[in-house]
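Reviewing the structure listed below.
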Amino acid sequence: MSTTEIDEAKLEAFMGQALTDMGAIISAPLIQIGEKLGLYKAMAHAGPLTSQEVAERSGAAERYVREWLRNQAAGGYITYDPDSDRYTLPDEHALALADEDSPFYILGVYDSIASLYADEDQLLEAFRSGRGMGWHEHDHRLFRGTERFFRPGYRGHLVSEWIPALDGVQAKLERGAKVADIGCGHGASTIILAKAFPRSNFVGFDYHGPSIESARQRAAESGVADRVRFEVASAKSYPGSYELVVSLDCLHDMGDPAGAAAHVKQSLAPDGTWMLVEPYAGDKVEDNLNPVGRIFYSVSTLVCTQASLAQEVGTALGAQAGEARLREVATRAGFTRFRRAAQTPFNLVFEVRP
């Protein structure tokens, strides 16, 4: 047998990366605990605190809080001063860990991550068989976690940046327009738009009944139920005619995205606009081999591709489809204008017109 030459520096670097990943994965339940028990919020803008003070401010048991704080300090989420035995949540970190209204808030995604571990047996079977796993077949935490992951970005960009980037759309919404939100989930995007444009009327459509029930409840709680309704319908069958149709982070999940795009075109008024928002991605695999691409390829493998393969056609675009493939979908559906109107580190925003 031949002897393989091992580059010890390369091996050491990889083991360092693997240990970092292992630490992140095993810390995920502690991050969830930090959110659910209000530990991050107890530390936000409070300066240096002892473990006893964090426990008292959060109502949690000090001995567990002490270990939790040490884990968080080891991971760089909080800082530790050995001279005073106190811990601090930096204000910058608090934007991501304690302020649910911040566009940088990240903790919502951990519900989704937990749901995927609960789905392990079904996901393994899908890998073996090649069959899909429908969105509705996942653990219930996926639905809430997805909404909570995307909501901060929608709140931070949808009204202030994305709508103004579309030709003439903001003026229509301010005057009063009919809007359809396809694949609305729990209705976060629909409600954000309704609050910003009180003269317009909005309909959110999703095939997942429990999500629609949650969206209706949230619309009532938000005080916009008089101008927003939510209905169970698929992307290829929803009724009505609209000046604006929005599809946020969902087209790639559909079994027949070209068919869905054709239905969008049919449902648009003659001068209507389709705002298509998809996860940020380059057209080449090598463009996406980075931290954001790693997250999106993971979600794509475990959720998005699964969902598409469980439906008719089963195109399986994947969450990293890229602009060229999305343009092709729109062109096949009969659209003649396709323009990148805006982007963030996590999203591409396209203006699509007949």
* Can you tell me which residue in the range 227-258 is farthest from Gln320 (Cα to Cα), limited to those that are in contact with a Lys or Arg (Cβ under 7 Å, 6 or more places away or on another chain) and free of Cβ contacts under 8 Å to residues at least 60 places away in the same chain? -> Phe230
* **Members of the range 178-196 found to be of a type outside the set (Asp, Glu) and within 16 Å of Ile212 (Cβ to Cβ), listed by number** => Ala180, Ile182, Gly183, Cys184, Gly185, His186, Gly187, Ala188, Ser189, Thr190, Ile191, Ala194
* Residue by residue through the range 78-99, note down the ones that are open to solvent by 70 Å² or more (accessible area, probe 1.4 Å) and in contact (Cβ under 8 Å) with a residue 40 or more places away in the chain. => Asp91
* Structure fact -> By residue number, the members of the range 316-341 that are within 17 Å of Cys304 (Cα to Cα) and assigned to a loop (DSSP other than H, G, I, E, B) are Ala316, Leu317, Gly318, Ala319, Gln320, Ala321, Gly322
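Quick one: which residue in Arg332, Arg325, Arg339, Arg353 is of a type outside the set (S, T, N, Q), surrounded by fewer than 17 Cβ atoms within 10 Å (Cβ to Cβ), in contact (Cβ under 8 Å) with a residue 40 or more places away in the chain and farther than 20 Å from Gly145 by Cβ?
When all the criteria are applied, what remains is Arg332.
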* Asked: Within the range 280-304, which residues are farther than 20 Å from Arg141 by Cβ, not in a loop (DSSP other than H, G, I, E, B) and not hydrophobic (A, V, I, L, M, F, W, C)?
  -> Glu286, Asp287, Asn288, Pro291, Gly293, Arg294, Tyr297
* Asked: Residues in the range 127-136: is at least one touching a residue at least 60 places away in the same chain (Cβ under 8 Å) and part of a helix (DSSP H, G or I)?
  -> yes
* Quick check, is Ala307 open to solvent by less than 10 Å² (accessible area, probe 1.4 Å), touching a residue at least 24 places away in the same chain (Cβ under 8 Å), in a loop (DSSP other than H, G, I, E, B) and out of contact with any Lys or Arg (no Cβ under 8 Å at 6 or more places or on another chain)? -> no
* To do: Please note which helices (runs of 4 or more DSSP H) are completely contained in the range 139-247 and include at least 2 residues that are under 21 Å from the mean Cα position of the chain (by Cα).
  => 141-157, 188-196, 209-222
* Of the criteria (1) in contact with a helix residue (DSSP H, G or I) (Cβ under 8 Å, 6 or more places away or on another chain); (2) of a type outside the set (Ser, Thr, Tyr); (3) surrounded by 13 or more Cβ atoms within 10 Å (Cβ to Cβ); (4) within 24 Å of Gly153 (Cβ to Cβ), which one Arg66 fails -> (4)
* Asked: Looking at Arg175, is it open to solvent by 30 Å² or more (accessible area, probe 1.4 Å) and out of contact with any Asp or Glu (no Cβ under 8 Å at 6 or more places or on another chain)?
  -> yes
* Out of curiosity, is Val224 open to solvent by less than 10 Å² (accessible area, probe 1.4 Å), out of contact with any Phe, Trp or Tyr (no Cβ under 7 Å at 6 or more places or on another chain), more than 21 Å from Arg148 (Cβ to Cβ) and of a type in the set (Val, Ile, Thr)? -> no
* Asked: What are the residue pairs meeting all of these: first residue in the range 285-303, first residue over 27 Å from Ala118 (Cα atoms), second residue of a type outside the set (D, E, K, R) and open to solvent by 40 Å² or more (accessible area, probe 1.4 Å), Cβ atoms under 8 Å, and 6 or more apart or on different chains?
  -> Asn288/Tyr297
* To do: Starting from the range 152-165, keep only residues that are within 13 Å of Ser102 (Cβ to Cβ) and charged (D, E, K, R), then list their pairs with residues that are modelled with pLDDT under 95 and not in a helix (DSSP H, G or I) whose Cβ atoms are within a distance under 8 Å, requiring at least 6 positions of separation or different chains.
  => Arg155/Asp101; Arg155/Pro103
* So which residues in the range 240-274 are among the polar types (S, T, N, Q) and touching a strand residue (DSSP E or B) at 6+ places or on another chain (Cβ under 8 Å)? -> Ser241, Ser247, Ser267, Thr273
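The values are calculated or read from the model by the stated rules, or taken from the named source; none is laboratory data. Note that this is a predicted model, so its numbers are computed, not measured. We place every Cβ from the backbone using ideal geometry, glycine too, and count neighbours over all the protein chains shown. Ligands, DNA and RNA are excluded from the accessible area calculation, which covers all protein heavy atoms including side chains. Shrake-Rupley method; radii C 1.70, N 1.55, O 1.52, S 1.80 Å.
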